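Enquirer: Okay, handing you the structure first.
Throughout, read-outs are computed from the coordinates displayed, never taken from laboratory work. If you're wondering where the values come from, they're calculated on a predicted model, not measured in any experiment. Reconstructed Cβ throughout: ideal geometry from the backbone, glycine too, with neighbour counts over all protein chains shown.
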Amino acid sequence: MMDHKFVLFFVFLLTIGQGELLSHHDAVNKLRIKLNCYDANRNNKRCTSLQDIRSDTIDWLINFKRTNNCKFVVTGGTEHAHRGKGINTHEGGYKVDLRINDCLNRYIINNFHFICNTNLGPKYLSGSGAIVLNETKYPAHFDALWPAKRVTNLSQVRRRTICK
Ligand SMILES: *[C@@H]1O[C@H](CO)[C@@H](O)[C@H](O)[C@H]1NC(C)=O
Ligand SMILES: *[C@@H]1O[C@H](CO)[C@@H](O)[C@H](O)[C@H]1NC(C)=O
């Protein structure tokens, strides 16, 4: 007979691997940070929804906030208003937008690795494999990605990034 605990552990691993999808309400409660304007309804393009965000993305954000202690406003989540193809998208629950402030600027410049300048702005890699793009236009914001598969090796990330 298979060990019950072992099976439970295996199910647990599967869950973290795939990143459970959270409801808007659960994500907001977990985060305990400000959203500029929010609405669970993903069809409301004008407000931030966290409906079906990955729990891994929220866990990373909580950790990121704890390590930098900066003011934090989430200005974009899973609402149907974002471009992006492939897996690592807003739609897929892997990304949030954050409001830029001096504290976050300083923290990212001092603690993340600079990847390169892209067409949209400079891109950075954290030690844990998060990727933050400083989108300098329309309006300026940080596009923060907790990828489905993290790569922490800077030269490998550079090779895969489209730089200017
Ligand atoms: C992001 O871009 C703005 C505008 O160019 C700049 O002031 C800020 O220092 C940049 N922050 C980072 C982390 O690159
Ligand atoms: C990062 O990747 C490069 C190229 O694949 C490799 O040569 C290098 O040893 C790796 N660095 C680390 C710290 O793993």
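Enquirer: Show the residue pairs that are 6+ apart or on different chains and have beta-carbon atoms under 6 Å apart, the first residue being within the range 83-100 and under 16 Å from VAL73 (Cα atoms) and in contact (Cβ under 8 Å) with a residue 24 or more places away in the chain, the second being part of a loop (DSSP other than H, G, I, E, B) and more than 16 Å from ligand 1 (Cβ to nearest atom).
Expert: Taking only residues 6 or more apart or on different chains, the pairs are VAL96/GLY77.
Enquirer: Could I ask something else about it? Out of all the residues in the range 104-145, which are among the small types (Gly, Ala, Ser) and over 21 Å from HIS90 (Cα atoms)? Outline the logic, then answer.
Expert: Quick first cut of the range 104-145, residues among the small types (Gly, Ala, Ser) only: 121, 126-130, 140, 144.
Result: GLY127, single match.
Enquirer: Among the residues of the range 99-153, which ones are within 21 Å of CYS47 (Cβ to Cβ), among the aliphatic types (A, V, I, L, M) and within 11 Å of ligand 1 (Cβ to nearest atom)?
Expert: ILE100, ALA140
Enquirer: Can you tell me which of ILE162, ILE58, ILE109, ILE115 is more than 16 Å from ligand 2 (Cβ to nearest atom) and surrounded by 14 or more Cβ atoms within 10 Å (Cβ to Cβ)?
Expert: ILE58
Enquirer: Would you call LYS65 surrounded by fewer than 18 Cβ atoms within 10 Å (Cβ to Cβ), of a type outside the set (Val, Ile, Thr) and within 13 Å of the chain's Cα centre (by Cα)?
Expert: Against the criterion (surrounded by fewer than 18 Cβ atoms within 10 Å (Cβ to Cβ), of a type outside the set (Val, Ile, Thr) and within 13 Å of the chain's Cα centre (by Cα)), LYS65 qualifies.
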